[in-house]
Amino acid sequence: QAVVEKAASVGVDLNSISSPVTSGTASKIRTYKACDLLSKTDAAAMLGEPIERIEDQGATCLYYGPAGLSGKLAQKGTANLMQQLQQPGARANGNDVTDSLSKLIGGLAAQAGAAGGGAAPGSSGDVPLLTFVVDGEDGKPQMTALTATKAIFGGIGKTASGGTQGFGADIPGLGDRAVRLANLGLNVLQGNTLIRLIPGPVPDANAKTIAIARAILPKL
């Protein structure tokens, strides 16, 4: 109840989240295979990194580079981020830094696990360069929940930072609505279909996921 009231205070009605699909709307549900919507070749071209293999999980597709690449990209990205933060007069957005670090640390941890023998059997110790999820059934309720999360934590962030820090970002002109949240990647709603693009430690990940989303949306 406290969450519902907090959401309402920032203009989000959690009670409006749709209930399970009724027979009247069942015909509008579409089932997609994520790997069919974004090929290995297209993912490599738009990420600007080689994709050696993909893991097809139906509604989710994982895109992996050659062994060791994600760790190398994470090392380089971490060094670049630290260099930027140390520049005189640097003014970093805490939300952006958190988002970037979550991608980089994942790659470094996987690399360390592989080097130390802690990787799972059969694993290269790499994290996906991209995770793509598509949901053609519950897109609208999911976007409502994401919007509520952004509003609630954005309010907390602004209060804690004197009004300077929010949480996540809205991406205008992309689908019916698009939001980016730390650890949840870029989420785009079109009709009742939600696509989620969670990048790994690739350079310029935010711009690249927007370009990938624009390529996928016409296929829905």
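The values are calculated or read from the model by the stated rules, or taken from the named source; none is laboratory data. This is a predicted model, so every value here is computed, not measured. Positions of Cβ are generated from backbone atoms using ideal geometry, with glycine treated the same way; all protein chains shown enter the neighbour counts. What goes into the accessible areas is simple: the full protein's heavy atoms, side chains included, and nothing from ligands, DNA or RNA. Shrake-Rupley method; radii C 1.70, N 1.55, O 1.52, S 1.80 Å.
What to note about this one:
- The residue that is modelled with the lowest pLDDT, among those in the stretch 169-191 that are open to solvent by 50 Å² or more (accessible area, probe 1.4 Å) and not small (G, A, S), is N183.
- Qualifying residue in the stretch 12-31 (condition: surrounded by fewer than 12 Cβ atoms within 10 Å (Cβ to Cβ), modelled with pLDDT of 60 or more and among the β-branched types (V, I, T)): yes
- Selection from the stretch 36-85 of residues that are modelled with pLDDT of 95 or more, part of a helix (DSSP H, G or I) and either among the polar types (S, T, N, Q) or within 14 Å of L129 (Cα to Cα) (or both): K40, T41, D42, A43, A44, A45, M46, L47
- Restricting the stretch 146-168 to residues that are out of contact with any helix residue (DSSP H, G or I) (no Cβ under 8 Å at 6 or more places or on another chain), modelled with pLDDT of 80 or more and of a type outside the set (K, R), the residue that is farthest from A215 (Cα to Cα) is T149.
- So V202, is it in contact with a Cys (Cβ under 9 Å, 6 or more places away or on another chain) and modelled with pLDDT of 90 or more: no
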